[in-house]
Every structure is written in C-alpha cells, then in structure tokens.
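A.B. asks: Below is one structure. I have some questions about it.
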Amino acid sequence: MNLTRESFRNDILHHLKFTVGKDAGHASTYDWRLALSFALRDRIVEPWFASTKDTWDHDHKRVFYLSMEFLIGRILEDAAINLGLKGIAAAALMDLGQDFDTLVHDEPDAALGNGGLGRLAACYMESMATLGCPGYGYGIRYEHGLFRQRFETGQQVETPEDWLNQRHPWEFERPESNYTVRFKGHLEERHGRTVWVPGETVIATAYDTPVIGWEGRWANTLRLWGAKPTTLFDLERFNRGDYTAAAEPETLARTITRVLYPDDTTYAGKELRLKQEYFLTSASIKDILRRYLEAHDDLTELDKHVAIQMNDTHPALAGPELIRLLVDKYNMTFERAMEISQNVLGYTNHTLLPEALERWSTWLMGTVLPRHMQIIEMIDAAHQKANPARPSSVAIVRNNEVHMGELAFVMSHKVNGVSALHTELVKSQLFPELTKLHPDRVVNQTNGVTPRRWLKLANPGLAKLVTDTIGGGWEADLERLSELEPHIADAAFREAFMAVKRGNKVQTSNWMKKVCGLNVDPDAMFDVQVKRIHEYKRQLMNVFETIAQWHEIKKNPEGDFVPRVKIFGGKSAPGYAVAKEIVHLINDVGRVVNTDPDMRGRLQVIYPANYNVTMAEQLIPAADLSEQISTAGKEASGTGNMKLSLNGALTIGTLDGANVEIREHVGPENFFLFGLTAEEVLTRRKNVKHAREAIEHSQALKDVLQLIAEGRFSPDERDRYHGLVDRTWNSDYFMVASDFADYQRAQAEVDEAFLDRDRWARMAAINTARMGFFSSDRSIRGYMDDIWGAKSAL
Ligand code: CR1
C-alpha cells in the first residue's frame, strides 16, 4: 500500500470523524492524538497479521515472556519511527494545522513497571519484533501504573497514576480470549485423583497491543490480562437493596489488577501480590497450551515449539501451574510433566538483594493455592530424590516457606544472570549448591537497550549525525557504530558531535526552566543520576559529594570551579523510609545550593519530580556525566548506564553490574573508575569500624556530616538528619564512607577532563562508538540461541 502525505492526512481525518467522533473544528489535542494513533495503528495491523500467519504456517517456535512489569512509556512516536512514518505523519499533521511533537507529548506513559526490570522487558519486546523472533509478552493490565511523584516541602508525595482514564488507542480488547483463574478452596480425592474445588474465581480477559519492530517487518503481541468477575453482580442482593454486597464479585476481581506494586527491591509477602502473580501465570499458561493444542496434539513435544521465560521469580508459579494442567487436565504422569516443564521454562534472575527474593509462607501458599502447594512439595521431593547430595539448606520448601528462587531454578533448563559479574555472583553466592548439582544451568545474558528508542527517538540530533557519518542501518545493527571511530580523529566530526550535545543541553535547560523554574547554564557539566532511589544505588554519596563541593566553594568563593549541574531523577518506594529521607535531603540541599549567590555559575541541583521513561528520554541525551555508583556487588546490571554511554555521556562508576563490561568496551581511559570491588566490599564489611575509620581519614566527609548534623540544609528542623548521620558513622552497610574519598578523587579527574573540551569530545564520542554490544538485539539473539532455541522468522 502506497502511503503519501495526502492519504495519511485522510486516514487521520477519517479516524477523527469515525473513531473519535469529532470534527476538525472542535477537536482537542487529545482528539488529534487519538486520531493519529489510530491511523498509525492501522499500519501495524497488516504486518501483525502477516507475522501471526507466518508463525502458524511455518509452525515457528514461539517464545513467551512472562513479566509482572512492562515499562513501555509512550508508544506513538516509537511506532511512527519503526514504521518509518514519522516524517509523513508530521507533514500530514502540518497540513491539518497540528504539530506532531505536541501530540506526542500529550500521550501518557504506560508506566506498568518500576524500573530496570520492567523497562528491560519493554526493550526485549521491541527487539524480538525487530529480529522476527515469534513471541508474546504476557503481563497484567494494571488500572494504575507506578504512582506519580510530587514533592511537598521537599518530601515525596505519591498520587495514583491514571493512564486508563483516557482511551488507550493501542490495544485491542479480546473478550473471547478469557480464562477462569481459581483461588483458595480445598482439595478432594475422587477416584484416585486430586480435585481442586476453588473458593474464589475470576476471569482473565486479554487485551492485545501489537509491538512493531524496526522497519515494520515483523510484529509481535503484548497480551495484558484484565480481571473480570465470574458473576457480574449478585442480583438477589441488589434487589434487596444491599448494593455494596451485590458488587462484591466485581470488587474482588478488579482488586487483582488495580495497582502495580510500587517496590522492586523488597519482598512484601502480601496475599494480593501472590494472587496477581498467579493470575498472570495461570491465564498465560492456559493461553499457551490452548494455542499449542490448536496445531499439535502431542504435549510431550511442547518444548520443540514453546519456550517460556520467567522474568524474575514473579511468574515462578509457571512451573507448578504447567505441571498441574499436564497432570490434572491432560492426564500425564507427574514425572513426565515435570520434565517437560523444565525443558520449556527459563528463569532470569535480576537481583541478589536478599530482601527482594520472594518467599511465601507455606500457610499462605496452601490457602491461596492448595493444589500448587502440593505440587511444589512434589517437585521438591522429586528434585531431592534425583539429587541425594542436595543439602536441606537449599530445599524449595524450608522453614515453612516456599522459596521462589529455588523453585524457579529447579523448574528451568536455563537460569540466567543479567551481566557477566552478576552471573558469576548468581553461581557463587546465590545458588552455589544448586549450581554444583547443575553446573551447566546458569548462563549469562548481559542486558541491552533498544537503539530505536534510546538513540533514534530520544536523540534525533545524534541519530542524524550517525547516519550522516556512517550511513543508515545502524538502527538494527548497532555494532556498526564502531565505524564512527575513525571519524573521531577528525576535528569537524568532534565539533559536530559536541554541537549535538550542546543542542540537547539547551533544549533540556529550557525544559528544566519550565518544570523546575530554574535557569540552567547549558555550558555547565550536566552530571546525571537517574534511577530508583535506593541505598545501594548510593544517591546519598552523590549528595555528600555535592555538599562537599558546596563547602569547597564557600571556603574559597573566588576560586575556579568547573560549573556543574547535579541532576537527580527517581522515585522511592512509598514504604521505604530511608530512601524517602534521601529524597528529602536532595531537595533540602538543592534549596540551599540553588539560592546561594556564591554558587551561581558553579553549582546547581536539579531534581524534577516524577522521573519516568519520558523524562529519561529528555535527560539522557543531554547528559555529560553518568553516575553509576552502586556498592559493588549490588547492581545486577543496570541499563541506564548503557543508555547514557550510548548517548555520549562519560561514566563515573564502580566495578558493578554491566559497568564492568561497559568499561571493557569503551576502554578504561574513557571511564572514571573508583571504589571497592565486590570482593573488597565483603572483606571490608568484616571490619565493624569501616565507616568510622573512613570518615576519620576524610576531612571533607567529616565536614559534610558535620554540616548536615548541624542542620545547615534543614534550618527549619535542625535534627532532621541526625539518624542519617548517625547511621553513616556507625553502620553504613552500603559503604558510602569507605568509597567517598576515591569517589572525590575520580570526580576531580572528571573536572579536569571536562576543562579540556577537545579531550572530552573524543572520550564522549568514543563512548557512543563503542556501545554497539549493548543493543538489546544482541541480548535477544543470545536468549534465542542459548536458552530458547528459537529462530528468526525473517
Ligand atoms: C536490577 O536491579 C537490572 C534490572 C534489569 C533490576 C538492575 O540492575 O538492570 O533488574 N532488578 O535486569 C530488579 O528490579 C527485582 O529486581
């Protein structure tokens, strides 16, 4: 179908009239945005059908990615770019008196995730479509995504996110695709079989969003489950006038998909969360088997045609659920069912933090999912029997708890970590005993990010420079960025590279003026730390360094300082008091710094509220310095680190997660390394006085803690941070004190490098040129080859 500016204009007008129900004279930005989205969506439908048909016709192996989170962000521009229609769409809109960018900015983020884990799932969906890997994402259609963050007197306040209050133009509701999901009740033995008589049921209904790959050559489906009651309402009670009781079934169902749990680092043990996890898993597994049985009849061959990936342990009930269906519904023996399930399943581990590893009390599991509790015990017993050497300390069920990590490990043929270092730690620290029993099971797949969104869309200036320099095609072959390298010797190229960066910084300065009301100098160094607020990520160390810098300038107001804008972005989990205190401190320090005339042209702190995917697209292309400063051994991979480096920011970072590999790729001379290694952290922690000794050694840090303790940043409540200062002196589990001096040393090197504009330009350009490895296309190829046994259909 030949698409022109004129025909696309007509498509938009058609949808405005017939789908949105507005005429051009009375249409709002929202109406136009919907019309544009529908017109673009039409263009996805053909390749989407074609991909589905191709998969059926050729019986391609399908990959199913089960994830409690998909942090997609906006869809419109991404779809336009992948379809190659951004130019035509913008031109057609111009004819209609509308502005493409304005419509793009009207779209709310689909914020169905917390942070890296959810955003990784979104990048992987896009890469699978780009590579023609036949696949489906399965998730939950949360009514409310991640909360909105506001600051009130510097403190985080959460309000509900409401993306579904508007029409969501990208999805197709599939009321015919629904499954009953059961909870609670009891088990009965009937004719030698176990029968689960449920106590509660809800219906999972599918909502499909097509995911279009680069150049529209292939499209996959993201299937999100919504919950509906099995009986609409209790008519008898309604007629009696008891309206609340009458609505009970509806309330029960809607509660399940009401909200995304806003924490990615702690395990809460809440019944509702377990129900959500089972809801996702059960509906998805049933859907997978239904689709399989439409074309095959031998369930023992499932692994030849199906691969299921569990994104962390959240969908780890996939193992017991698959076994349950194979045994209870399809009459297979337990042993056979377990073997088949293991061949089909894979498990990605995303964290070593003990507080994030899911465990459920056997009581809760037995109450909510009685049949699954039984099957889990059978899995555990079978695994123990097959591996007599297995110590009881790694049993799936121990101390009256079901350990989801061990369950996922045992039920998978492959377990993967998300960076080289993390994978080694998964083997040596998290699952040492299980790795001994199954030495080939744990493999590495270093994370990646999609260059379509994180370069082409987010940084059009740099994308254009890349294309002008090495030609097109890098979008789907990111290793080609290395062809930039010879051009870096050329002064004109470096100029152009820096001009793009400056343009992005000017644009971001204007944006900051709008959202924070502050004038920011685009020639200052943009020093960026954007990610969830967590102690292990050590935003606190960054604030301490900011205070130290402020103090330096105060002591020497006539001195020469490299001007810096400290930019923070990120949300704290609502119940995470220590992280909220850090949020408060950043804002408190910001207020003092930003109103101090001595800081003018030298130091600023910017912390725009409500960091999300869209804000990341704004900030990352404007960054000069990328802060990747987690306590070594704690950040499984990181993906923001990749996005920033890809966009020409230099990293100051520890040897943690994927930083290690980024540094190897960009070269140690183009990376500001500091800090203890993962091993050194463990040794140092044995010294109970590690913090005290480090503070005694650093006058700067001592001063910082003194200033905070005196209430210099909280004059309205001088003792506000006494607890924080006290913890830093006396416990400091995340080693802020121990790494501080070396961090300051590295920051001084950053300043020096930044002063030499040309040297900085080389280093920044080299970062971009050497980031080809970190494309999520490379990651997905790794999964396809090493874990899924899936082939590209293209
Ligand atoms: C990790 O903390 C990693 C992402 C994606 C996070 C981060 O380092 O980049 O996963 N883990 O792999 C997580 O959210 C629940 O665990």
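A.B. asks: Could you grab the relative contact order for the chain? Cα pairs under 8 Å, six or more apart, rounded to a whole percent.
C.D. replies: Numbers: 1487 pairs, mean separation 105.8, N = 794.
Over the chain, the number comes to 13 percent.
A.B. asks: Next question. Of Ala753, Leu585, Ala700, which is farthest towards the positive pole of the stretch 522-764's charge dipole, taken about the Cα centre with +1 and -1 on the beta-carbons of Lys, Arg and Asp, Glu respectively?
C.D. replies: Looking along the dipole axis, the top candidate is Leu585.
A.B. asks: If R₀ is 30 angstrom, what is the calculated FRET efficiency for the pair Arg237 and Asp298, using the beta carbon separation as r and rounding to 0.05? It would help to have the intermediate numbers written out before the result.
C.D. replies: Values: r = 48 Å, r/R0 = 1.59.
It comes to 0.05.
A.B. asks: Compute the angle between helix 271-295 and the longest alpha-carbon principal axis of the chain, please, reported from 0 to 90 degrees and rounded to the nearest 10.
C.D. replies: Around 60 degrees separate the two axes.
A.B. asks: What number, in percent, do you get for the relative contact order of the stretch 355-481 if the mean sequence gap of Cα pairs under 8 Å and at least 6 apart is divided by its residue count?
C.D. replies: On the way: 114 pairs, mean separation 24.1, N = 127.
That works out to 19 percent.
A.B. asks: What residues qualify as long-range amide H neighbours of Tyr65, i.e. H under 5 Å apart, gap of 5 or more or another chain, H built at 1.01 Å from N?
C.D. replies: Tyr136, Gly137, Tyr138, Gln309
A.B. asks: May I pose another question? Work through the residues other than Ser775 whose Cβ is under 14 Å from its Cβ and net out their charges, Lys, Arg +1 and Asp, Glu -1.
C.D. replies: Details: positive: Arg452, Arg453, Lys456, Arg480, Lys643, Arg770, Arg778, Arg781; negative: Glu126, Glu475, Asp477, Glu479, Glu661, Asp777.
Around Ser775, the surrounding residues sum to +2.
A.B. asks: From zero up to wherever the largest Cα-Cα distance of the chain sits, split into 10 Å bins and tell me the percent of pairs in each.
C.D. replies: Values per bin, smallest distances first: 2, 13, 23, 25, 20, 12, 4, 1, 0.
A.B. asks: Then there is this: Roughly how many Å is it from the Cα centre of the stretch 587-644 to that of the stretch 151-184, as a whole number?
C.D. replies: The distance from the Cα centre of the stretch 587-644 to that of the stretch 151-184 comes to 28 Å.
A.B. asks: Could you state the angle between the C-alpha long axis of helix 334-344 and the longest principal axis of the C-alpha atoms of the chain, as a value from 0 to 90 degrees rounded to the nearest 10?
C.D. replies: In the chain, helix 334-344 runs at an angle near 40 degrees to the longest axis.
A.B. asks: Quick one: compute the contact order of the stretch 522-764, relative version, from alpha carbon pairs under 8 angstrom and 6+ residues apart, as a percent. Before the final figure, lay out each step's value.
C.D. replies: Details: 375 pairs, mean separation 49.4, N = 243.
Over the stretch 522-764, the number comes to 20 percent.
A.B. asks: So which chymotrypsin sites (Phe, Trp or Tyr not before Pro) in the stretch 130-201 are both in a DSSP loop and have at most 10 other Cβ atoms within 10 Å of their Cβ?
C.D. replies: Values: sites: Tyr136, Tyr138, Tyr142, Phe147, Phe151, Trp163, Trp170, Phe172, Tyr179, Phe183, Trp196; in loops: Tyr142, Phe147, Trp170.
Counting only loop positions with at most 10 other Cβ atoms within 10 Å, none of the chymotrypsin sites (Phe, Trp or Tyr not before Pro) in the stretch 130-201 qualifies.
A.B. asks: Dipole magnitude of the chain about its Cα centre, charges +1 at Lys/Arg Cβ and -1 at Asp/Glu Cβ only, in debye to the nearest 20? Intermediate values should be presented prior to the final figure.
C.D. replies: Numbers: 93 positive and 110 negative charges, 141 e Å.
In debye, rounded to 20, the chain gives about 680.
A.B. asks: Starting with the fewest neighbours, write out His383, His58 ranked by other beta-carbon atoms found within 10 Å of each beta-carbon. Let's see the in-between values first.
C.D. replies: Numbers: His383 22, His58 11.
Ordered from fewest to most neighbouring Cβ atoms within 10 Å, His383, His58 come out as His58, His383.
A.B. asks: Once the dipole of the stretch 441-562 is set up with Lys and Arg at +1 and Asp and Glu at -1 on Cβ about the Cα centre, which of Leu455, Asn556, Met498 lies farthest towards its positive end?
C.D. replies: Leu455
A.B. asks: Work out how far the C-alpha atoms of the stretch 522-764 reach from end to end along every principal axis, then list the three figures in whole Å, largest first.
C.D. replies: Ordered largest first, the stretch 522-764 gives principal extents of 45, 44, 35 Å.
A.B. asks: Given +1 on the Cβ of Lys and Arg, -1 on the Cβ of Asp and Glu, and no further charges, what dipole in debye does the stretch 211-324 carry about its Cα centre, rounded to the nearest 20? Could you put the intermediate results ahead of the total?
C.D. replies: Details: 15 positive and 18 negative charges, 50 e Å.
Using Cβ point charges on Lys, Arg, Asp and Glu, the stretch 211-324 gives about 240 debye.
Readers should treat all values here as calculations from the given coordinates under stated rules, not as data from a laboratory. This structure is a prediction, so every number in the text was calculated from the model and none was measured. Glycine also receives a Cβ, built like all others from the backbone with ideal geometry; neighbour counts cover every protein chain displayed.
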